[in-house]
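Undergrad: Submitted below is the structure of interest, expressed as structure tokens.
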Amino acid sequence: MDAEAQDRFREFVEHRSSALLRTAVLLSGGDRHAAEDLLQNALIKAAGRWHRIDEPEPYVRQILYRQQIGRWRLKWPRRELTVAEPPERRGDGDASSAAELRLVIRGALARLTARQRAVLVLRYFEDLPEADVARIMGCSVGTVRSTTHRSLARLRALAPELAALDGHSRPARDYTPAEVRP
């Protein structure tokens, strides 16, 4: 890599690494160390091809997604996050409720599979259309739709606080089906 390309690469890393790290943290289920490793490996791969890259940020993001998808395909056992007690419900007037919500989301994301996390990050954090997500993940649009549906359902089951926030919470039933007859 020549000096000019090195300068452009350093400038890119300096200006975009924090945004890329946020994406990597989400993809890795909240594990910051794994996210740093993921981003570092993606930047190393991009540095080797830097002179051929026209748009560096989408290129590096695609490396991130593909590396993370490749990790869940490995036959290594996945680590699971276990907790002794479920998280407490957040209070409405509590100043720390946003931080608590982030912890709940991070914990729930960590318990999803890497593929489920990748679909949710691409669809909702990166705001990509289903066709782009399918292209990046190397699957069909129908697979993206079904994985998104299952991932959101699992996320709501793992963190009921999220279902209450997005309006998908269902009121508890106080009756049996036999009581509803006309």
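Undergrad: If you take the residues in the stretch 86-131 that are of a type in the set (K, R) and either in a loop (DSSP other than H, G, I, E, B) or modelled with pLDDT of 80 or more (or both), which one is least open to solvent (accessible area, probe 1.4 Å)? Quick ask: steps written out before the conclusion?
TA: At the first step, the residues of the stretch 86-131 found to be of a type in the set (K, R) are 89-90, 102, 106, 111, 115, 117, 123.
Going one step further and asking which of them are either in a loop (DSSP other than H, G, I, E, B) or modelled with pLDDT of 80 or more (or both), we end up with 89-90, 106, 111, 115, 117, 123.
Numbers: R89: 160, R90: 84, R106: 115, R111: 111, R115: 63, R117: 22, R123: 50 Å².
Ranking the qualifying residues of the stretch 86-131, first place goes to R117.
Undergrad: A follow-up question, please. Quick one: what pairs do we get from the stretch 94-105, first residue under 11 Å from G30 (Cα atoms), second at pLDDT 80 or above and open to solvent by less than 70 Å² (accessible area, probe 1.4 Å), C-beta under 8 Å, 6+ apart or different chains?
TA: Between residues of the stretch 94-105 that are under 11 Å from G30 (Cα atoms) and residues that are at pLDDT 80 or above and open to solvent by less than 70 Å² (accessible area, probe 1.4 Å), the close pairs are V104/A159; I105/A159.
The values are calculated or read from the model by the stated rules, or taken from the named source; none is laboratory data. Keep in mind the model is a prediction, meaning the values are calculated, not measured. Note: ideal-geometry Cβ built from the backbone for every residue, glycine included; neighbour counts use all protein chains shown. Ligands, DNA and RNA are excluded from the accessible area calculation, which covers all protein heavy atoms including side chains. Shrake-Rupley method; radii C 1.70, N 1.55, O 1.52, S 1.80 Å.
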